[in-house]
Every structure is written in C-alpha cells, then in structure tokens.
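Remarks on the structure that follows.
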Amino acid sequence: MTLSMIAPRPAMPLRFAVFGLALAGFAACTAAPAEPQEPSYIVFFTPLSAELDEAALGVVADAGRAAEARPGRRVVVAGYANRIGATDADRTLSKLRAQVVADRLAAQGVALSRIALRPKGSVGGDPGIESRRVEIDIN
C-alpha cells in the first residue's frame with residue numbers, strides 16, 4: 001500500500017497555496033495606513049466634585065487646542081462617577097462633570113455643535129480616581 005492510497009490528495013498543489021499566501025501578505029502590506037488615533041484626554045476630579053483644578057484646566061486646554069486643530073471632528077465628553085448612593089445621583093454627578101468640561105471647551109472656542117456629552121454614571125464600587133473622571137475623545 002502506498003502513501004497516496006492512505007492520505008487524500010490536496011485539492012490545491014502546495015506551490016499555489018504558498019503563492020496565494022504570499023499575495024495576501026503583499027496586499028496587507030500595501031494597504032493604506034490607518035489615520036493615527038488622537039489620544040484621549042482625561043480630566044480627574046476630587047470626590048463628589050465637578051470643579052476643575054489647575055491640572056484639569058491644563059488637560060482641557062490641551063484637548064481644546066487639539067480639537068481646534070481638527071475642525072471636522074466630533075468631540076465626545078464622557079463623564080464618570082464612583083458609586084456614592086442612588087444611581088440617579090451618580091448619573092447627575094457624571095453629567096455635571098461632563099458639562100463643566102464641555103462648557104470650558106466651548107469657552108476656548110470649540111463649537112457646541114461639535115461636542116457630544118456622554119454621562120456614564122457610576123463605574124461600579126471603585127472609589128478610586130479612575131471613577132472620578134471625564135474622558136475627552138476627538139474623533
């Protein structure tokens with residue numbers, strides 16, 4: 001009994017399969033590069049506060065300059081809060097934080113029509129600084 005009697009014959013000769021893989025790899029290499037993604041700007045707040053401190057003002061100013069340099073892009077402002085009690089209170093605080101940042105961006109010249117607010121409410125039981133933030137994305 002020969003090997004060809006035991007194993008099924010491949011449908012495509014190996015040299016054609018290798019050639020096809022090489023072409024696919026070449027096509028992937030020649031694709032247009034993706035446009036670089038603008039980093040998120042993150043503004044941190046003290047517990048139970050929606051007040052911008054000096055560090056936060058600097059971050060918002062940087063985001064405002066980046067937004068002005070890209071006038072065709074939307075500016076998404078997402079607010080977060082840690083769980084402080086009622087879900088409505090958490091959502092209200094996250095919305096207030098997002099609104100304060102959006103207002104500051106508008107004061108810097110970013111058109112309100114470009115700004116989208118996304119109050120996220122509480123992020124769970126984490127009382128850390130990550131849950132007391134606003135993220136600014138320019139996309």
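Any read-out appearing in this document is the output of simple, stated calculations on the displayed coordinates, not a laboratory observation. Remember, it's a predicted structure, so these values are computed and weren't measured experimentally. So basically every Cβ, Gly included, is an ideal-geometry build from the backbone, and we count neighbours across all protein chains shown.
Ranked by the mean number of other Cβ atoms within 10 Å per residue, highest first, peptides 66-78, 106-118 order as 66-78, 106-118. As a proxy for reagent exposure, ranking ASP103, ASP88 by other Cβ atoms within 10 Å from fewest up yields ASP88, ASP103.
Residue-normalised convex hull volume from the C-alpha trace of the stretch 39-133: 84 Å³ per residue.
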